[in-house]
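A.B. asks: One structure is given below, represented as structure tokens, and several questions about it will come after.
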Amino acid sequence: LLFYLVSNKKKISFKKIAIFGAPLLVLVGFVVVNTDLISRLTNFSLTSGTIATRLLLWKIGIQAFFDKWLFGWGPENFTYAFSKFYNPRLLKFSFYETWADKPHNQLIEIATTTGIFGLITFLGIILFSLYALWRLFIKDRTQLFPYLLIGGAIISYFIHIFFAFDTLELRMILFMVLGYIIFLTSRAFNVKGLSFSLIRGFILIVLITAVVSLNIIGIKTIYASYCADEARNSIIDNKYMDIKASFNKLKDIETPYKNGNWEVLADRLLESNAVGRMPKSVMVEILPTIITGLEEAAKEQEENFSYHYRLGQMYHLAGDYIDKKYFDKSVEALEQAKKISPKRQVSDLLLAQIYYSKRDTEKGIKLLEDLIKETPNVAEPYWYLGILYDAGGEYDKSYAYMTTAAEKGYSPKSINEEFLYVTVLGRFNDYYKMAPVYESIIEKDKTNPRWWANIAVVYLELEKYEKARDATRQAMFLDPKFGDEGEGFLRKIDEKEKGEK
């Protein structure tokens, strides 16, 4: 619309401008009023989570660039640089921040992955396109506004990628703009057209390349992605026979990107296991398939932290579901991950869990205590240390470390973790902290009468009598076996309430 307004030499009536402009103003106003855009622009802080983590990622990228400044780490290989120069402060912001395959700055990514040659080439393309527009303007000054718009689009793109990573959509727009500039400059500088035979030969080469690429990479990759997606959906929908079928198809497909599919499926399996949704019989069948896939991935890319770490996670699950000998393999995989990225705390946290599973709590406690000394403001080590002390019967320490973890921002990641937490809190009658945890459990599992009965007791201790009655009745509704006991508890609520009055 703006391009049309500035490039059209005819006068445009106010009525036409209003027809197009009014809806646009309404849309802009709606976005401003109904989003936190203004708040984000006016409350800028270098210490806020998003900005602080991006600055840390930029620092990692710059360190990696100077480590391999000539040719870089290779396209799409920022994850390797991230592992080597990982900053332990990232875990303070969230578990999610300990993983990154982009530095959220395309210039830093280009410098890191392709070195000084790649960076100079990219900057040269941007600068030459602006220079070409300037030459066009010198030849025809009447086209000032169209050239300003095109140049503005390139500069806007450049500013945007300084604070974000590039996307396919943005690249397509950039290539179209650059293609248009080439078209304009070829006409402006009177470049001779290509012969028809040359164009035909070029098109033939492109078609042959496309067909071969589709056959070797494209079709198989799409089919592998389809199978991986089917497996993910089957896990979510609890379609256990479909899970097995999709996994069996996936393991037989050879593509350059198959390792990434095993990563994604491992993550999905962990999520499903965290909420207790995956039957043991299914885990026993599909875990070996994922483990085999990740073992091959770890052998192919020995310096990839992610493959070794996820392999450790899958071995840990296999130790729980199949055979305890997998715990030792899990330790080996995680030790290898630590060699790749020594400062990355997630390896130590998982190792502590494995030592807990192996009943080797002393090693786990030592590991976590050292981690707390290194990063005292990170919540996760306190939580897992509380679990180990609870397993050893040191309940005072368990309570102290778990509540400290919660104060530092830790949130239990599964119903099992939440139930362990309320058990620890219950030993010290800390009902104020127990109530929100039980409410969170019920939000995830509303049909379990046990949770309703337990929270009814907590509400009674907190003197929230109506909530206690509602929870008791819900437990009785879900399980009639609570009938007599529930009626007795309702009378107890009435008696306590009357006694206070």
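A.B. asks: Go through the residues of the range 171-188 one by one and say whether even a single one is under 30 Å from Ala266 (Cβ atoms) and at pLDDT 75 or above. Give the derivation first.
C.D. replies: Taking the range 171-188 and keeping what is under 30 Å from Ala266 (Cβ atoms), we get 171.
The next check asks that each one be at pLDDT 75 or above; those that pass are 171.
Yes, the range 171-188 has at least one match.
A.B. asks: Can you confirm whether Ser341 is under 22 Å from the mean Cα position of the chain (by Cα), among the hydroxyl-bearing types (Ser, Thr, Tyr) and over 22 Å from Asn261 (Cα atoms)?
C.D. replies: When the stated conditions are applied, Ser341 passes them.
A.B. asks: Right, something else. Please indicate, with yes or no, whether at least one residue in the range 56-70 is among the small types (Gly, Ala, Ser) and either more than 22 Å from Asn304 (Cα to Cα) or over 30 Å from the mean Cα position of the chain (by Cα) (or both). It would help to see each step written out before you state the result.
C.D. replies: Within the range 56-70, the subset among the small types (Gly, Ala, Ser) is 61, 64.
Those still in the list that are either more than 22 Å from Asn304 (Cα to Cα) or over 30 Å from the mean Cα position of the chain (by Cα) (or both) too: none.
No; the residues of the range 56-70 include none that is among the small types (Gly, Ala, Ser) and either more than 22 Å from Asn304 (Cα to Cα) or over 30 Å from the mean Cα position of the chain (by Cα) (or both).
A.B. asks: Before we move on, is Glu417 touching an Asp or Glu at 6+ places or on another chain (Cβ under 9 Å), acidic (Asp, Glu), modelled with pLDDT under 95 and not in a loop (DSSP other than H, G, I, E, B)? Break it down into steps so the answer makes sense when it comes.
C.D. replies: Working: touching an Asp or Glu at 6+ places or on another chain (Cβ under 9 Å): no; acidic (Asp, Glu): yes; modelled with pLDDT under 95: yes; not in a loop (DSSP other than H, G, I, E, B): yes.
It is false that Glu417 is touching an Asp or Glu at 6+ places or on another chain (Cβ under 9 Å), acidic (Asp, Glu), modelled with pLDDT under 95 and not in a loop (DSSP other than H, G, I, E, B).
A.B. asks: Further question: Could you figure out which of (1) more than 19 Å from Asn429 (Cα to Cα); (2) surrounded by fewer than 17 Cβ atoms within 10 Å (Cβ to Cβ) isn't true of Tyr356?
C.D. replies: Looking at each condition in turn, Tyr356 falls short on (2).
A.B. asks: Of the residues that sit in the range 359-392 and are in a loop (DSSP other than H, G, I, E, B) and out of contact with any Gly (no Cβ under 8 Å at 6 or more places or on another chain), which one is surrounded by the most Cβ atoms within 10 Å (Cβ to Cβ)?
C.D. replies: The extreme case among them is Val378.
A.B. asks: Run Val437 past the list (1) under 28 Å from Asp360 (Cβ atoms); (2) surrounded by 14 or more Cβ atoms within 10 Å (Cβ to Cβ) and report the number of the one that doesn't hold.
C.D. replies: Val437 satisfies all of (1) under 28 Å from Asp360 (Cβ atoms); (2) surrounded by 14 or more Cβ atoms within 10 Å (Cβ to Cβ) except (1).
A.B. asks: All but one of (1) assigned to a loop (DSSP other than H, G, I, E, B); (2) in contact with an Asp or Glu (Cβ under 6 Å, 6 or more places away or on another chain) hold for Ile441, so report the exception by its number.
C.D. replies: Of (1) assigned to a loop (DSSP other than H, G, I, E, B); (2) in contact with an Asp or Glu (Cβ under 6 Å, 6 or more places away or on another chain), only one is false for Ile441: (1).
A.B. asks: For Tyr421, which of the numbered conditions (1) under 25 Å from Leu349 (Cα atoms); (2) out of contact with any Phe, Trp or Tyr (no Cβ under 8 Å at 6 or more places or on another chain); (3) surrounded by fewer than 21 Cβ atoms within 10 Å (Cβ to Cβ); (4) of a type in the set (Phe, Trp, Tyr) fails to hold?
C.D. replies: (3) is the only condition that Tyr421 fails.
A.B. asks: Could you check, for the range 461-469, whether at least one of its residues is assigned to a helix (DSSP H, G or I), crowded, with 17+ Cβ neighbours inside 10 Å and in contact with a Gly (Cβ under 8 Å, 6 or more places away or on another chain)?
C.D. replies: For the range 461-469, residues assigned to a helix (DSSP H, G or I), crowded, with 17+ Cβ neighbours inside 10 Å and in contact with a Gly (Cβ under 8 Å, 6 or more places away or on another chain): absent.
The values are calculated or read from the model by the stated rules, or taken from the named source; none is laboratory data. Since we're looking at a predicted model, the values are computed, not measured. For neighbour counting, all protein chains shown are included, and Cβ atoms are generated from backbone atoms with ideal geometry for every residue, glycine included.
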